[in-house]
């Protein structure tokens with residue numbers, strides 16, 4: 001689907017969708033439990049993949065008609081061997097979290113995904129499962145899906161790098177509580193995207209499971225039961241998705257734009273508020289009400305490290321292209337291993353729109369002072385975050401911007417274009 005974005009002003013109020021990161025973890029945590037209700041979830045292509053995995057392991061999943069609640073009948077920490085291959089579609093979070101869950105089953109589980117997911121690294125997690133006594137193999141012996149995982153594991157100690165994906169750590173913590181012995185995770189390198197592990201710890205605590213940071217990594221005791229108070233868990237708003245709305249406000253709100261659903265949480269991507277403040281945006285966060293208000297502002301370039309906030313790179317790159325001066329995004333090599341190489345994707349697509357961009361292995365530099373954004377035909381790279389960030393750029397580009405692959409917003413923000421149109425953006429979907 002192509003999406004056409006014309007120069008626009010935005011105003012009014014808009015609600016951010018629920019957090020994808022929290023929803024994934026809550027669905028699987030409810031699966032590990034005897035059962036639980038997940039309220040205010042994000043129902044998207046990615047989270048539906050996690051629901052299917054819970055069902056494959058012997059759980060039951062039922063969505064209310066308005067998707068306000070997911071009723072989950074769990075498998076009580078004892079997943080059955082799936083009767084068929086688990087297709088994780090395009091969801092890397094699903095594949096990694098479910099890979100560790102599969103290591104608890106008494107038999108072999110096969111996991112696969114789409115072409116993009118089959119190119120993403122899984123090797124360190126497979127090695128960790130082998131260290132715990134399970135069998136975990138890439139069918140092509142390249143550390144990528146399709147995967148074959150066989151258990152059951154009893155727990156133990158694993159050594160794993162922390163600079164490839166924090167999702168490996170999350171997967172082991174979630175599964176470790178259901179083992180007999182628990183799991184000690186020793187990090188071989190510094191942990192990147194650490195706030196995502198903080199999210200995991202927060203969700204585990206909400207489900208009655210204790211896991212802690214240690215001097216060398218993390219520890220989760222075995223034999224624990226997942227049991228949220230009242231059998232219910234509420235998902236907070238998603239700051240990764242919110243970043244596009246806040247950027248739209250800072251670039252194109254001629255009055256004010258109020259973004260709702262911004263209650264504080266462990267999400268690292270709350271850093272977008274600080275980034276905008278540093279760039280000079282007129283922005284105010286009422287934390288108690290969960291509302292952030294932005295106005296169109298004159299922005300200046302800054303240096304931002306995304307070691308812990310990789311999903312913000314596309315948004316920051318667009319803000320840099322519209323700002324005065326130079327914006328330098330550092331610590332971003334791991335952002336190359338997402339749905340697409342987001343560093344190269346943003347460099348190439350913003351260049352099509354007239355931006356002056358320099359790309360290095362671990363750095364993306366955007367020279368906003370040398371940039372006049374113009375409308376262009378751009379490729380969303382089948383990546384929801386590339387699509388949404390380019391749509392924001394289109395709001396302030398000279399002329400029409402046509403984005404290929406607009407349907408991929410379904411991964412994390414299914415109503416994104418409707419939300420933009422609702423606050424005044426000139427959007428056409430074809």
If the chain between residue 277 and residue 190 were fully extended at 0.36 nm per residue, the gain over the current Cα-Cα distance would be 28.5 nm
Measuring from the longest principal axis of the C-alpha atoms of the chain, the long axis of helix 342-352 (C-alpha) lies at a number of degrees, nearest 10, equal to 20 degrees
log10 I(q)/I(0) for the stretch 305-417, Debye formula on C-alpha points only (no solvent), q = 0.21 Å⁻¹, two decimals, reads -1.10
Helix 313-322: inclination vs the chain longest Cα principal axis, degrees, rounded to 10, gives 10 degrees
Of 190-198, 355-363, ordering from highest average Cβ density within 10 Å down gives 190-198, 355-363
Taking 0.36 nm per residue of separation between residue 360 and residue 114 and subtracting their Cα-Cα distance, the length gained on full extension comes to 85.7 nm
Percent relative contact order for the chain, counting Cα pairs under 8 Å at least six residues apart, stands at 19 percent
Rounded to two decimals, the Rg over Rh value of the stretch 20-234 from Cα coordinates and the Kirkwood Rh reads 0.93
Pseudo-spin-label distance residue 216 to residue 337, built 7 Å along Cα→Cβ, given in nm, is 2.2 nm
Here the convex hull volume per residue of the stretch 44-109, taken over Cα atoms and given in Å³, is 82 Å³
A chain fully extended from residue 287 to residue 256 at 0.36 nm per residue, minus the present Cα-Cα distance, gains in nm 9.4 nm
Relative to the chain, whose Cα atoms define the longest principal axis, helix 166-176 and its Cα axis are tilted in degrees, nearest 10, by 30 degrees
Cα-based Rg then Dmax for the stretch 286-353, in Å, read 13.7, 41
Given 86-93, 29-36, 219-226, 262-269, the highest-first ranking by average Cβ count within 10 Å works out to 29-36, 86-93, 262-269, 219-226
Relative contact order in percent for the stretch 20-234 (Cα pairs under 8 Å, 6+ apart) equals 20 percent
Here Rg/Rh (Cα, Kirkwood) for the chain equals 0.97
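Using alpha carbons only, what's the Rg to Rh ratio of the stretch 39-157 with Rh from Kirkwood?
Rounded to two decimals, Rg over Rh is 0.98.
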Each label sits 7 Å from Cα toward the beta-carbon; between residue 1 and residue 298 the label points are separated, in nm, by 3.9 nm
On the formula 1/(1 + (r/R0)^6), with r taken between the Cβ atoms of residue 330 and residue 157 and R0 of 35 Å, the FRET efficiency rounded to 0.05 is 0.60
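Readers should treat all values here as calculations from the given coordinates under stated rules, not as data from a laboratory. Since the structure is predicted, the reported quantities are computational estimates derived from the model, not experimental observations. All Cβ positions, glycine included, derive from the backbone under ideal geometry; neighbour counts span all protein chains shown.
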